[in-house]
Each structure stands twice: as C-alpha cells, then as structure tokens.
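Below: one structure, written as structure tokens.
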Amino acid sequence: MENSSFGRLIGVIVSPGKTFRSICERPTWLVAFLVVVLSPVIPAIIAMPKMDWEGITKAQLERMDVQLPQDQLEKRIEITEKIGPYFAYLAPVFFAIGLLLFALVFWGAFTLAGGELGFKRSLAVVSHGMVPVVVSTILSIPIILGIDKIGADVAEQGSYLKSNLAAFAPEGANAVVLNLLSHLDVFSLWSLVLLIIGFAYCAKVKQSTSAITVVLLWLVYIGIGVGFAALGMAMGGKQG
C-alpha cells in the first residue's frame with residue numbers, strides 16, 4: 001500500500017512510519033499535493049449558497065470595534081457578497097502556494113539543522129503530512145449539508161467540525177483570540193505529528209531534532225497569523 005501514490009494517502013493515516021520510510025526512498029508528491037489542495041472545493045461549493053454574508057460582515061466589524069454609517073455598512077456587505085465566493089473558490093490556489101512555501105521553508109530549516117532533505121522530499125513530506133486536512137473536509141460535508149445558514153459563529157471558528165478551541169471561545173472574543181484558538185485544532189496537531197515523523201526519516205535527523213524544528217516553525221506560523229489579526233484590528237480601530 002505504501003508503495004503506490006494513492007495507497008500512501010491511507011498509509012500515512014494507518015501506518016505513518018512505514019509509509020514515510022517508503023516516501024523517503026521514492027519521494028512522490030503530486031497525487032497527495034493535488035488531493036490535499038483540491039479537497040476544500042466540494043465543501044466550498046456546498047457552503048457558498050448558505051453563507052450569511054451580511055451577518056458575517058457585521059460580526060467581523062464588531063470584533064474589530066469598527067462602527068460604520070449605514071450607507072458604508074451596506075456597501076461593505078455588498079462587496080463581501082460579491083467577492084466572498086471568489087476567495088472561497090480560489091482557496092486551492094492559495095493552499096497550493098502555501099504548501100510550496102512550507103516545503104521551501106522546511107527544506108531550508110532542516111538543511112540548517114544538519115539534515116539531508118532536498119526540496120522534492122520536503123514537498124513529499126508536507127503534501128502527505130497534510131492528509132488530515134482531507135479527512136477534515138470529508139467529515140465536514142454532512143455537517144454543511146445539515147446547516148440551513150452559515151453565520152459568523154461557524155465561519156469564524158475555522159472549522160465546521162468544532163475541532164479547534166475557537167469553536168468554544170467565549171462570546172465577544174476578538175479576532176486575535178479567535179485566530180490563536182483556531183490553530184489549536186485536532187487535525188492541525190495530527191498534521192504536526194505526521195510532519196515530525198516524516199522529516200525525521202526524510203531529513204535523516206533525530207526525532208527530537210525534527211520535533212523541535214517543526215514545532216518552532218509552527219509557532220512562528222501561528223505568530224504571523226495572530227500578528228496579522230492584531231494588525232487588522234488596529235487598522236479597523238483607526239478606521240472606526
């Protein structure tokens with residue numbers, strides 16, 4: 001199973017160590033890359049007609065402590081309704097760019113840590129390490145089908161499954177808190193473990209070195225996301 005491209009998608013879930021050893025010997029990545037990148041498309045197609053763009057826009061402005069005149073508010077809602085679906089459907093493009101950047105950063109980091117990786121192996125590990133994202137999107141489909149309207153409470157938690165702490169944030173939590181809590185997600189942590197296992201094998205480093213490198217980069221990634229959220233709040237506050 002771990003020797004075929006499609007078999008590896010299952011292998012990283014049921015037997016990650018054995019599968020990543022096989023990936024290191026023959027680093028295929030294209031199938032896993034495409035499956036991971038395209039997995040959000042079907043949930044997006046189902047979800048878009050149910051999105052409450054007005055409610056989402058108002059909630060975002062409220063969390064940023066921005067108060068707009070009624071005419072500006074209506075204009076903002078109109079713009080969100082027009083461009084919101086495009087961002088959702090373009091998610092695979094942004095996701096693909098993100099995976100390539102992650103692979104590049106991990107390649108550089110493990111090279112500095114004394115590993116023997118290469119970009120192709122790094123991309124293979126990243127692509128297969130993100131398979132939990134596919135599991136998450138598959139599980140989210142029946143949830144989306146059962147929702148009549150997708151409001152801000154669902155959209156801002158970053159997952160339909162309530163798999164992260166943002167889903168349990170107190171009412172009125174600001175964008176920075178929600179961004180931070182959204183990263184504490186079951187499927188993200190699962191991917192983190194897979195990346196640690198994969199890079200330990202493919203970069204030929206100790207498990208502890210792989211864990212430290214992956215976790216440090218993950219914390220930097222979280223810090224960047226939280227920083228942008230804080231910047232958005234600051235800019236929104238000035239606008240208000």
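Please indicate, with yes or no, whether at least one residue in region 129-144 is touching an Asp or Glu at 6+ places or on another chain (Cβ under 6 Å) and within 29 Å of Ile212 (Cβ to Cβ). Looking through region 129-144, none of the residues is touching an Asp or Glu at 6+ places or on another chain (Cβ under 6 Å) and within 29 Å of Ile212 (Cβ to Cβ). Based on what the data block shows, is Gly17 within 27 Å of Thr213 (Cα to Cα), out of contact with any Lys or Arg (no Cβ under 8 Å at 6 or more places or on another chain) and among the small types (Gly, Ala, Ser)? The answer is yes for Gly17.
Checking Ile23, Ile77, Ile83, Ile97 one by one, the residue that is farther than 23 Å from Leu161 by Cα, touching a Cys at 6+ places or on another chain (Cβ under 9 Å) and among the aliphatic types (A, V, I, L, M) is Ile23 and no other.
Scanning region 63-73 for residues that are touching a helix residue (DSSP H, G or I) at 6+ places or on another chain (Cβ under 9 Å) and exposed (fewer than 14 other Cβ atoms within 10 Å of the Cβ) gives Asp65, Gln67. Within region 31-63, the residues that satisfy the criterion of being under 13 Å from Ile141 (Cα atoms) and either aliphatic (A, V, I, L, M) or free of Cβ contacts under 8 Å to residues at least 60 places away in the same chain (or both) are Val41, Ile42, Ala44, Ile45, Ile46, Ala47, Met48.
Read-outs throughout are calculated quantities, based only on the coordinates presented, and are distinct from any laboratory measurement. Note that the structure is a prediction, hence the values are computed from the model and not measured. Neighbour counts run over all protein chains shown; Cβ positions are idealised from the backbone, glycine included.
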